[in-house]
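For reference, the structure is listed below as structure tokens.
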Amino acid sequence: MSTSVTRLPDHPVAAPPTAAPLTSDATADRQFQRQAITEHLLTALEDVVWRYRALAGHPEHADLYAEVVTAEVAHQLAVARGALHRHPSVG
């Protein structure tokens, strides 16, 4: 069994294109967007807690409320995660 090595021509390889560096305005805007996403998530989770507490006086439906809370929290996390992916962190 022989092994052979194929030699490539000595041409310079172009570097892959890179994104332009963010300006300070773009960085500030991205940070503002991420802060707004965080605030929205926290507010939405607080609303879930308040709604659940308002309904907690009916223990016969506790299992149903737990399912609703779980679904709402999962939804809010998915919304926040999607928004954060659209506005990745800098640095």
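The values are calculated or read from the model by the stated rules, or taken from the named source; none is laboratory data. None of these values were measured; they are calculated from a predicted model. Please note: Cβ atoms are built from the backbone with ideal geometry, for glycine as well, and neighbour counts cover all protein chains shown.
Can you find a residue in segment 59-75 that is in contact with a helix residue (DSSP H, G or I) (Cβ under 9 Å, 6 or more places away or on another chain) and in contact (Cβ under 8 Å) with a residue 40 or more places away in the chain?
no
Quick one: how many residues across segment 33-76 are under 27 Å from S89 (Cα atoms) and charged (D, E, K, R)?
Number of matching residues: 5.
Which one is nearest to the chain's Cα centre (by Cα) among residues in segment 63-91 that are over 30 Å from D25 (Cβ atoms) and among the hydroxyl-bearing types (S, T, Y)?
T70
Among the residues in segment 50-62, are any at pLDDT 85 or above, under 20 Å from the mean Cα position of the chain (by Cα) and of a type outside the set (K, R)?
No, the conditions are met nowhere in segment 50-62.
Go through L22, L45 for me and flag whichever is at pLDDT 90 or above and either under 22 Å from the mean Cα position of the chain (by Cα) or assigned to a helix (DSSP H, G or I) (or both).
L45
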